[in-house]
Amino acid sequence: MIANQLTKKDSKLSMAHMWVAFISLLIGGLMGLLQTLVRTGRFTLPFGIDYYQILTVHGVILALVLTTFFIIGFQFSLMSKTVGMSDRERVWAWIAFWVMLVGTIAAATMILLGKASVLYTFYAPLAAHPIFYFGLTLVIVGTWIACFVNFHQLYKWKKANKGEKSPLLAFMVVINMIIWFISTIGVAATVLIQFIPWSLGIVDEINILVSRTLFWYFGHPLVYFWLLPAYMAWYGIIPKIIGGKIFSDGLARLAFILFLLFSIPVGFHHQLLEPGIDPFWKYIQVVLTFAVAIPSLLTAFSMFATFETAGRAKGFNTLFGWFKALPWKDVRFFAPMVGMIAFIPAGAGGLVNASNQLNLVVHNTIWVTGHFHLTLATTVILTFFGISYWLVPVLTGRKLDEKTNRLGIIQTIVWAIGMFFMSGSMHIAGLLGAPRRSAFSEYNGSEQVTEWIGYQYGQAIGGSILFIGIIIMMYTFLYMTFFAPKGVEEFPIAETAEDAEPTPMIFENWRLWIGIAVVLIAFAYTIPFIDIIQNSPPGSPTFKGLIGNS
Amino acid sequence: MHLHKYEKMWMLIGGGALLIFLIMLGVGAFYQGTKPPSCLTTIDPQNVEAHDSFKKENLGMQQLDDNRYVVNVIASAFNYDFGTDEEGNVVRTIRIPVGSEVMFQGTSTDVVHGFELAGTNANMMLEPGYINTVETTFNKPGTYTFVCNEYCGTGHHYMTATVEVYDE
C-alpha cells in the first residue's frame, strides 16, 4: 500500500496549500457571518469598520484565495499521484505558492487598511490603492507558474508513455488549467494595462466598459475553474469510494473538453443590463452559455449511472434499491453527494440568470447571491470538504478514523441546513427585489422594503448555522492534521469499467481543442469588443473618496 | 464513441429543452422586442447637460401622449436626480397614473450605478459615458422603491427614490 502514497515532499507542497485554504475559510466565513448580522439592522460593526470592507474581504478571500489555493494544492496531489512530479517541477511549484501568498498578503493588507473596498469585481472607476492591484497581479502570476508546472508534468509523462492515453485525472487537471490560463489573460490585461497605470496616476482616465468586459471574460470561466475540480472528484474518485468503476472514460473527457470550449465565450451574460453592448452579441453569448449546460447534463447522467451500476453489482437489483446501497455513512461520499444534489436547483437557477429577459427580474438582486451560495458555497465547497477528509490524512500520514467521519457527516448536515435557510431566503428576497452587495437600509421606508428585512433575518439564521459548520470543519481540519491516528490512508483513484468502450484518441489532440476554443472566443468577442472601443465615450478619472480610500 | 441508449434519450430531452428555451428567448428579444437594456448612445459624463434629455428642466417625468411617459434621471453617488417640481422642491417621489407605459432613461456622472424599481421588471445598469433605457408598464397601483443595486461606494445603500402608482 505504500506505493499508493504520495512522497513526503509532494505531501508537504499540497499541505501548504491546504493550510492557506482553511485559514481563509475561517476568516472569510467570519466576515460572511458579520454581513448577515449587519443586514438584520440589529447589529453595527465595531471600530468603525465599514460593511463594504468586510464584504470585500469575504469575496476576495473565499472566492479567490480559498478556492485557488485549495484547487492548486489538490491538483498538485492529483498530478503527483497520476503522472509524478520531478524535483525541478516541485521547486517551481513552491515558487508559485510563495508568489501567490505574497500577492494575497499584499492585497489583503490594503483591504484591511480600508484602501481597497472595491469588492472583488473591481468596480472601475472606484479606485483602490495600487498595491491592491499589484497584489492581485502576483496571485495571477503565481497561478500561471502552477499552470506550466502541470502542463510540463503531463508533457513529460506523454513523452515517456508514447501512444498511451493520459491518466484521466491528469487530463482533467490540464484542461482546467488551460481554461484558467486563457481566461486570466483577460483580467491580467485589464489590471496591467488599465488599472495599475491609472491608479498610479500615469494615465488620467480609464475606459470602464472595456475594463468590465475584460473582467467578465475572466469572471465566468472562473466559476468553472472552481467547479471542475469538484467534477474531477465526482468522475475520478467517487466511483472508487462507492466500490464501483468509472462509467465511461470517454464521456468524462468529452464533458471536460466541452467545458474548455464553452466556458469562456460567455462573459456577456453578466453584462446583460449594461449599455454600450449590442443586444445581438449578448444573445450570442447567452446561446453559448446554455451550451455549457450540456457537459453538466452529461455529468449528471454519468454520476447516476455509476451509482446504479455499483449498487446493482452489489446485488441490489430493484428499480431504486441501488440507491440504498450507496455508502451514505462514508463522509467521502456523503459530503460530495449532498453537493451534487444542491447542484440541481443551483444549475436551474443559473439558466434563469443567463437568460436575456428573466435576467431583468434578478439582475443584481440578492437572488444571485443565493445562486452562487448554492453552486460555489454548497456544491463545490462540500465536494472540497469531502476531498479533504481523505486528502488531509493522506498528506499528514494519518488515518480517516471514525471520529473524523462522524464530524464530517455532522458538518455536512449542518451546512445543508444552514444553506437551506440562507440561500433560500436570499432567493426569495431577490425575487421580491432586494438588492445584493448592500448594507442594511430601510430605503424609503415602504412596506415593500420591510418585507425584505424579514428574509434578512432568515439569512442571519442560516449564516449563523453555517458559521457553526465552519467551526466544526476547522476543528476537523486541525484534528486530521495533528491528532488523528497515524497510518496509511488510501488515495482513492477510480478505474474504468472493464466493458467500457475505448476512449477515442482525438480527445488527446490538444491543438485541435485549444484551437476551437480560441476560434469560439474570437467569434463571440472580436466584433463587440471592437465596437466598444470604437464607440468609446470619454474615460473616467479615479474616484477614491467614495470608498474611503483618500 | 458509444453512447448508452438511455444517455442518448437523456441528452436529447435535456438538449431539446435548452434549445426550445433559447428559441423562446430569441423570439422574445428579436421578434417581440423585449431585448435587455442595451442603449448604445454615448455621452460626456462631465457634461451630461449637453444632451437634451438631461437638461435641468427635462429631468423627471415627461408626458409623451395619453398614457406614455419618459422619466429622465441622472445618477450620482448617492442620489437619483429627477429634477425639481413646480415649486422648486427636489423630486423624491414620482407619481404615475395606473396603466401607464413608462420609459426610464438615465446616465451617471461619476461611477457605475444600478437602477432597479423593485417589484417591476425595470432594472438596468447606469454607467458613466452611456445612456441606458428600460421600459415598463404599471398595471398595479402602489408604492415602489428605487434601489441602487450596483456597488457605488460607502453610501450605496442610501441611494433610493419612490414611485407612486395611483388610480385615477
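Read-outs throughout are calculated quantities, based only on the coordinates presented, and are distinct from any laboratory measurement. This one's a predicted model, so the numbers in the text were calculated from it and none came from an experiment. No Cβ is skipped: glycine too gets one built from the backbone with ideal geometry, and neighbour counts run over all protein chains shown.
Only one of (1) more than 16 Å from A:Tyr224 (Cα to Cα); (2) part of a loop (DSSP other than H, G, I, E, B); (3) not β-branched (Val, Ile, Thr) fails for A:Gly250. Which number is that? Only one criterion is unmet by A:Gly250, namely (2).
So for the stretch A:216-237 (the condition being in a helix (DSSP H, G or I) and in contact with a strand residue (DSSP E or B) (Cβ under 9 Å, 6 or more places away or on another chain)), does at least one residue qualify? Yes: the stretch A:216-237 contains one or more residues that are in a helix (DSSP H, G or I) and in contact with a strand residue (DSSP E or B) (Cβ under 9 Å, 6 or more places away or on another chain). Any residue at all in the stretch A:252-267 that's aliphatic (A, V, I, L, M), within 26 Å of A:Leu66 (Cβ to Cβ), crowded, with 22+ Cβ neighbours inside 10 Å and away from every other protein chain (no Cβ under 14 Å)? Yes, the stretch A:252-267 contains at least one residue that is aliphatic (A, V, I, L, M), within 26 Å of A:Leu66 (Cβ to Cβ), crowded, with 22+ Cβ neighbours inside 10 Å and away from every other protein chain (no Cβ under 14 Å).
Condition check ((1) touching an Asp or Glu at 6+ places or on another chain (Cβ under 6 Å); (2) of a type in the set (Phe, Trp, Tyr); (3) farther than 18 Å from A:Ala416 by Cβ; (4) without any contact (Cβ under 8 Å) to a residue 60 or more places away in the chain) across all residues:
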position: A:Gly433; (1), (2), (3), (4): no, no, yes, no
position: A:Tyr443; (1), (2), (3), (4): no, yes, yes, yes
position: A:Tyr457; (1), (2), (3), (4): no, yes, yes, no
position: A:Phe467; (1), (2), (3), (4): no, yes, no, no
position: A:Ile472; (1), (2), (3), (4): no, no, no, no
position: A:Tyr479; (1), (2), (3), (4): no, yes, yes, no
position: A:Pro485; (1), (2), (3), (4): yes, no, yes, no
position: A:Glu489; (1), (2), (3), (4): no, no, yes, no
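When A:Lys81 is tested against the conditions (1) of a type outside the set (Ser, Thr, Tyr); (2) farther than 30 Å from A:His152 by Cα; (3) assigned to a helix (DSSP H, G or I), the lone failure is (2).
Just one of the listed residues (A:Phe467, A:Phe482, A:Phe529) is of a type outside the set (Val, Ile, Thr), under 29 Å from A:Trp216 (Cα atoms) and in a helix (DSSP H, G or I), and it is A:Phe529. For A:Ile179, the conditions (1) buried (at least 17 other Cβ atoms within 10 Å of the Cβ); (2) without any contact (Cβ under 8 Å) to a residue 40 or more places away in the chain; (3) hydrophobic (A, V, I, L, M, F, W, C) all hold with the exception of (2).
Checking each residue in the stretch A:36-50 for being surrounded by fewer than 22 Cβ atoms within 10 Å (Cβ to Cβ), in contact (Cβ under 8 Å) with a residue 12 or more places away in the chain and part of a helix (DSSP H, G or I) picks out A:Leu37, A:Val38.
Note on the stretch A:527-544: residues that are within 16 Å of B:Tyr130 (Cβ to Cβ), within 10 Å of chain B (Cβ to nearest Cβ) and more than 32 Å from the chain's Cα centre (by Cα) total 5. A count restricted to the stretch A:105-146 and to residues that are surrounded by 24 or more Cβ atoms within 10 Å (Cβ to Cβ), more than 14 Å from A:Phe195 (Cβ to Cβ) and within 11 Å of another protein chain (Cβ to nearest Cβ) stands at 1.
One line per residue, one yes/no per condition, for (1) in contact with a His (Cβ under 8 Å, 6 or more places away or on another chain); (2) without any contact (Cβ under 8 Å) to a residue 60 or more places away in the chain; (3) closer than 30 Å to A:Val287 by Cα; (4) part of a loop (DSSP other than H, G, I, E, B):
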site	(1), (2), (3), (4)
B:Gly26	no, yes, yes, no
B:Ala29	no, yes, yes, no
B:Thr34	no, yes, yes, yes
B:Pro45	no, no, no, yes
B:Met61	no, yes, no, no
B:Leu64	no, yes, no, no
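When A:Ile506, A:Ile547 are checked against the criterion of being free of Cβ contacts under 8 Å to residues at least 60 places away in the same chain, facing another protein chain (nearest Cβ under 10 Å) and either within 30 Å of the chain's Cα centre (by Cα) or surrounded by 13 or more Cβ atoms within 10 Å (Cβ to Cβ) (or both), a single residue qualifies: A:Ile506.
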